[in-house]
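The values are calculated or read from the model by the stated rules, or taken from the named source; none is laboratory data. Because the structure is predicted, anything quoted here is derived from the model rather than measured. Reconstructed Cβ throughout: ideal geometry from the backbone, glycine too, with neighbour counts over all protein chains shown.
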Amino acid sequence: MKIKTYFRRTKCKIINLNTEISEGVKVTVTSHFRTDLSYLDLGRYFFNYRIEIKNFNHFKIKLLHRDWYIFDSLGEAVFVSGEGVVGEQPVLQGGESFRYTSGVELASELGYMKGYFTFINLGTENHFQAHVPQIQLNCPLKLN
């Protein structure tokens with residue numbers, strides 16, 4: 001398992017980047033705070049996250065399921081589980097990638113998400129899990 005973490009500041013926003021490889025699947029996540037979709041006076045902080053999934057295996061895989069743990073520093077932790085991602089269950093040949101963007105709203109300026117994807121090896125029909133590295137959800141206004 002490899003984990004890399006980077007932080008990049010661009011135009012007054014912080015972009016967090018984490019990467020992890022497990023079971024031959026590389027998952028890269030980025031996140032950033034969305035001032036245009038947040039209502040700070042109401043305690044509503046919106047974050048976008050982008051995920052890239054790359055299959056480094058020599059066999060075809062299909063993403064079946066996602067499981068998330070979402071931590072909000074002022075709210076209760078939430079578990080989210082469901083089929084696929086953004087309404088899709090992508091099939092990836094060896095070397096292929098799939099990217100998507102989604103979002104999450106918190107009641108505070110600080111939090112994180114982590115979890116895993118469940119895949120099926122379409123050759124053997126064996127199920128396996130690929131870890132999603134922790135996605136930092138940090139409002140740059142709070143970090144300054």
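Values as computed for the structure displayed
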| item | result |
| --- | --- |
| Whichever residue in segment 106-144 is over 26 Å from Ile15 (Cα atoms) and hydroxyl-bearing (Ser, Thr, Tyr) and, among such residues, is nearest to the chain's Cα centre (by Cα) | Thr118 |
| Options Gln134, Gln89; residue that is over 15 Å from Ser31 (Cβ atoms) and in contact (Cβ under 8 Å) with a residue 24 or more places away in the chain | Gln89 |
| Flag for Asn121 being touching a residue at least 40 places away in the same chain (Cβ under 8 Å), crowded, with 17+ Cβ neighbours inside 10 Å and either in contact with a His (Cβ under 8 Å, 6 or more places away or on another chain) or polar (S, T, N, Q) (or both) | no |
| Verdict on Ala77 being small (Gly, Ala, Ser), touching a Gly at 6+ places or on another chain (Cβ under 6 Å) and at negative phi | no |
| Some residue of segment 129-137 being buried (at least 19 other Cβ atoms within 10 Å of the Cβ), more than 18 Å from His65 (Cα to Cα) and touching a Leu at 6+ places or on another chain (Cβ under 8 Å) | yes |
| Subset of segment 53-88 (residues that are part of a strand (DSSP E or B), farther than 27 Å from Glu125 by Cα and not hydrophobic (A, V, I, L, M, F, W, C)) | Asp72 |
| Selected residue (only one of Thr28, Thr35 is of a type in the set (S, T, N, Q) and over 15 Å from Thr101 (Cα atoms)) | Thr35 |
| Criterion: under 18 Å from Phe33 (Cα atoms), out of contact with any helix residue (DSSP H, G or I) (no Cβ under 6 Å at 6 or more places or on another chain), at pLDDT 95 or above and of a type in the set (Val, Ile, Thr) - qualifying residue of Ile120, Ile135 | Ile135 |
| Leading residue by the ranking (nearest to Leu137 (Cα to Cα)) among those in segment 89-112 that are in a strand (DSSP E or B) and among the polar types (S, T, N, Q) | Ser102 |
